[in-house]
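Below is one structure, written out as structure tokens; comments come after it.
The values are calculated or read from the model by the stated rules, or taken from the named source; none is laboratory data. Given the structure is predicted, the values throughout are model-derived calculations rather than measurements. Neighbour counts are summed over all protein chains in view; Cβ atoms, including those assigned to glycine, are modelled from backbone coordinates with ideal geometry.
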Amino acid sequence: MIRHRACLSCLALLPLIASTTARAAPIVAGDTTFHGMAVQDVTILGGTAFNQGPEFTLYGLSGVGYFTIHRQAQVGSTIEFTGGDSLFSGSYAGLGDYTFGTGAPLGGGSFHGMIENVMQNTNDPGFASGDPSSFASGDYTAYLDRFFFKLADGTILETGGVYALTATLDGLPPRTTTTLQGSATDRNPIYYGDPSNGLLIGYTTNGSIIVSAVPEPSALCLGGIAAAGVGLALIRRRGR
């Protein structure tokens, strides 16, 4: 009887032991690339050597592209990161084609930030090893120190202020469409030349990046199965 009770006690402790061994490892360092569309309003000042006419604003100037963050290993519930390359391309009536971003594609620029209040999915296969697939949610903040515009004629414009973008992420990269939102009122100055000695020609406001969703692997599998089923049905119909 005593042995029986001892066995029952051991069985009762098993869930506690399992919960201890199933603790998440901190998410490891690595790179994450986000794809989507960056949008901003750009105001060009009037009466300057760059624009001798009146002031005007390019509303909703956008570009499609990507940016990469270099994640440090998670510490506590925070993941710090520095910016890698980013490149967005677009076209605007009266302005023509352009690119903007940071890093090697445009020759400079930088951003950095952190993801706070990180939560991990206990059911994810990478939960115990700290794989980024186990990332379930976190509060993202990026500080854009400098980025560049390259116009169709080769003219380079450079921003000189710190502009913040924030969002709550549900994956690395996000599993659903997510907007990294900037302030609608903060002005990020634009210079023709280096911000330390260049000509102030305008500013950006109301910036955001709409990050495209990355479907779960299971959703991709289901999509593939569905597509295969449709294809098989078409083959059978043709065979008749």
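Screening VAL162 against (1) loosely packed, with under 14 Cβ neighbours inside 10 Å; (2) over 17 Å from THR82 (Cα atoms) leaves a single unmet condition, (2). Going by the structure shown, is GLY60 part of a strand (DSSP E or B) and at positive phi? So GLY60 fits the description; yes.
Scan the stretch 63-95 residue by residue and report those that are within 19 Å of THR155 (Cβ to Cβ) and in contact with a strand residue (DSSP E or B) (Cβ under 6 Å, 6 or more places away or on another chain). GLY63, LEU87, PHE88, SER89, GLY90, SER91, TYR92, listed by residue number. Residues that are at pLDDT 95 or above and β-branched (Val, Ile, Thr) within the stretch 55-114 comprise THR57, VAL64, THR68, ILE69, VAL75, THR78, ILE79, THR82, THR99, listed in sequence order.
Looking across the stretch 81-122, the residues that are over 18 Å from ILE209 (Cα atoms), surrounded by 16 or more Cβ atoms within 10 Å (Cβ to Cβ) and in contact (Cβ under 8 Å) with a residue 40 or more places away in the chain come down to LEU106, VAL118, GLN120. The set of residues in the stretch 21-57 that are of a type outside the set (Gly, Ala, Ser), surrounded by fewer than 17 Cβ atoms within 10 Å (Cβ to Cβ) and assigned to a strand (DSSP E or B) comprises ASP31, THR33, HIS35, MET37, ASP41, PHE56, THR57.
Beta carbons closer than 8 Å, at least 6 apart along the sequence or on distinct chains, pair a first residue in the stretch 35-53 that is more than 19 Å from ALA142 (Cα to Cα) with a second that is part of a loop (DSSP other than H, G, I, E, B) and polar (S, T, N, Q) for ILE44/ASN51; LEU45/ASN51; GLY46/GLN52.
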